[in-house]
Amino acid sequence: MTSRDDDDAAARPRFAANLSMLYTDRPFLDRFAAAAADGFTGAEFVSPYEQPAAAVAAALREAGLTQVLFNLPAGDWAAGERGIACLPDRVAEFRDGVQRAIEYAHALGCSRLNCLAGIAPAGVSPAEAESTLVANLQHAAPLLADAGITLLVEAVNTRDVPGFAVPTIADAERLRQRVGSPDLALQYDLYHAQIMHGDLLPTYLRHAEHIQHIQIADHPGRHEPGTGEINYAFLLSALYAAGYTGWIGCEYVPTDPAGPSWLTEIIPTTETARLTETAH
């Protein structure tokens, strides 16, 4: 079993390959070794539930990766569902999914699970959808905490996912406050945030106390860092200089057939900038 993320301060960013978006030319269980060969040290993905937990754990262990994050069961992904936590008629399914997620998290040594809120359904008022979401998070957060797992909630942009119930990190923070649980934290996806509002570093600084995971992709296109408008060498250095010690989840659509060459390009730049800032 891989060791749990203990949140020790990292000397430089730790990158986790999102295996739902990377290495999709091969079977899921083969993606772990591919990620390790390319220099990733962690793994995350949308869902492990299509595979036996023991098989995923074996692939993880053989690749020498840390399991960083995955989602609570999020409904029918192929049909366009992006979470069920805000759906009033799916509460029982959501709560059953919490128990299943805990079982997988223990098998994989994963100490963080993400909750995708979902798309508010037609005929359900925003107030009812949010109340359902709050009640589900109030149910899930202490159960996960008792199991040694932190629950996260993520904002997803409404250009890619119209109607998503939590579109900005400010909405996620307001939700966290309404839930009122010390066991609920935030995931900050820089790609979604860039689309919704930009201002990425000041936004992080406003919410840093409660952010426990960051995901990245460039914009436009949701491709790897260096293909778009986000200056990731600056931004990652600034995040770590500001005290972020967690993982960076790489949730992008790759364009480089040679693999993630940006990893070897951006890490030295980030590390040099971090050391310069520390010296001053």
Indicate, rounded to the nearest 5 percent, the antiparallel portion of the DSSP beta bridges found entirely in the chain. 5
Could you list, bin by bin from short to long, the percent of Cα-Cα pairs of the chain in 10 Å steps? 7, 30, 38, 22, 4, 0
For region 170-239 and region 44-109, what is the separation of their C-alpha centers, rounded to whole Å? 22
Sorted by chain and then number, the residues having a modelled amide H within less than 5 Å of the amide H of THR150, at least 5 places away or on another chain, are ARG112, LEU113
For the chain, averaging the sequence separation of alpha carbon pairs under 8 Å that lie six or more residues apart and dividing by its residue count, the contact order in percent is 18
Note, region 162-172: 3J(HN,Hα) by Karplus (6.51, -1.76, 1.60, θ = phi - 60°), whole Hz, Gly/Pro = x, goes x, x, 4, 6, 10, x, 9, 5, 5, 5, 5
Counting sequence-distant residues (5 or more places) and residues on other chains, those with an amide H built under 5 Å from that of GLY249 are ALA16, ILE214, GLN215, ILE216
Under the Karplus relation with 6.51, -1.76 and 1.60 and θ = phi - 60°, whole-Hz ³J(HN,Hα) for region 249-256, x at Gly and Pro, equal x, 9, 10, 9, 8, x, 10, 8
Starting from one equal scatterer on each C-alpha and no solvent at all, send me the Debye-based log10 I(q)/I(0) for region 7-116 at q = 0.13, 0.15 Å⁻¹, two decimals. -0.50, -0.65
Derived scalar couplings ³J(HN,Hα) [region 44-53; Karplus, 6.51 cos²θ - 1.76 cosθ + 1.60; whole Hz; x for Gly, Pro]: 9, 6, 5, 8, x, 6, 7, 10, x, 4
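Coordinate-derived values only; no laboratory data. What you are looking at is a predicted structure, and each value in this text was computed from that prediction instead of being measured.
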